[in-house]
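Here's the structure we're looking at; comments come further down.
No lab work stands behind these numbers, since they all come straight from the coordinates. Predicted, not measured: the structure shown is a model, and the values here were computed from it. We place every Cβ from the backbone using ideal geometry, glycine too, and count neighbours over all the protein chains shown.
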């Protein structure tokens, strides 16, 4: 999972380096929000599954 994230991050950084700086900043902020959203969502799913498994 982490390997995939780092590969995607490297690819995105390569793309970002080709864009103007003003666009870069906006893009980076959007990307960070997007990544955090996914991390939080997957974390919630993990907690939910653990709670569900603990009940049984």
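Altogether, the Stokes-Einstein calculation at 37 °C and 0.692 mPa s, with the Kirkwood radius of region 2-55 over Cα pairs as Rh, returns a diffusion coefficient of 252 µm²/s. Sorting 4, 25 from the fewest to the most surrounding beta carbons within 10 angstrom yields 4, 25. Please identify which residues in region 28-46 have an amide N closer than 16 Å to a label point set 7 Å out from the Cα of residue 9, following the Cα→Cβ vector. Output list for this probe position: 28-40.
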